[in-house]
Amino acid sequence: MANPHLNPLLEAMTYLEDAWGDATNAADLSRAQLLDAHRAMGLVQRRLDGIHAEIAAGIARESRPELGSAGLAKQQGFRNPATMIAATTGGSTGDAVRLVKVGEATAPRSNLIGEKLPPRYTEVQRAIGAGELSAAAAALIVALIDRARVKVGIERIVDAERLLVERAAGLSLDDVRKLVVHAEAWLDPDGVAPREGEARS
C-alpha cells in the first residue's frame, strides 16, 4: 500500500502514463499526447523535487559536522552531504546545496520541548509539495527571503513569500530569477541601489 505522503508524486506518474497511452516511445506520440506528456513530466519533476528536497535535508541532518566520522555522508565515503547527493544525482554540488537548503527551509520543526512547529517557509513548502514550484525556483525564493529577513519586518517577509510563490508558478527559472530581482528591489531598495552602482563601476 502506497505511503500517503507519496500520493501526489504517484498521481503525477499516473497522469504521465495516461498521456503516454500505448505509444512505444515519444516518436509515436501525437501532438496532443506530446503536450499532455510534457505537462505531466513537468509535474512529475516538480513533485519529485519536493520529495528529494526532504530527503536531502535528512541526509544533511544525519551528516552534520558534530557527528564527525559517524555522520552519514562520511560513513558512505563522502566529504559532506552535498558531494554525496551530487554523486547520486549526477548533478553539481551547488545544486545539491540548494536542494538541502530548500529541504531545510520547508521541513517541519519543533521547539525545545518537542512541540510541532510549522516549516520556516510554509508557502514554499505547500507549493513545492503540490508541484507548483521546482526546487531550483524554490531555492531562489528561499535565498532572497533569507537575505531580506534581517532587514525588513516579518509582515513584509510573509507577504513577499506568498507573492513570490503565487507569481513564480508556471514560470521558467530565468523568469523566476527576474521576479526575484524585482522583489529584492521592493523589499530592500537601499540595498539594491549600491550593488547596481558597484556593478556599473
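The values are calculated or read from the model by the stated rules, or taken from the named source; none is laboratory data. Just so it is clear, the structure is predicted and the values come from calculations on it, not from any experiment. No Cβ is skipped: glycine too gets one built from the backbone with ideal geometry, and neighbour counts run over all protein chains shown. These accessible areas exclude ligands, DNA and RNA; they are computed on the full protein's heavy atoms, side chains included. Shrake-Rupley method; radii C 1.70, N 1.55, O 1.52, S 1.80 Å.
Quick one: which of 129-140, 177-188 comes out on top by average Cβ neighbours within 10 Å, and what's the full order, highest first? Kindly include the intermediate steps, with their values, before the conclusion.
Details: 129-140: 22.9, 177-188: 16.1.
Ranked from most to least packed, the peptides come out as 129-140, 177-188.
Give me the percent relative contact order of the chain, please, defined on Cα pairs under 8 angstrom at least 6 residues apart.
Values: 226 pairs, mean separation 32.3, N = 201.
With pairs under 8 Å counted, the relative contact order is 16 percent.
Other residues with beta-carbon under 15 Å from the beta-carbon of Ala32 carry, at +1 per Lys or Arg and -1 per Asp or Glu, a net charge of -2.
For the chain, modelled as a GNM whose springs connect Cα atoms under 10 angstrom apart, the maximal fluctuation among Val150, Val97, Val158 occurs at Val150. The residues of the range 1-89 expose on average 67 square angstrom of accessible surface per residue, using a 1.4 Å probe on protein heavy atoms. Among Lys151, Lys101, Lys116, the largest mean-square fluctuation in a Gaussian network model of the chain (Cα springs under 10 Å) belongs to Lys116.
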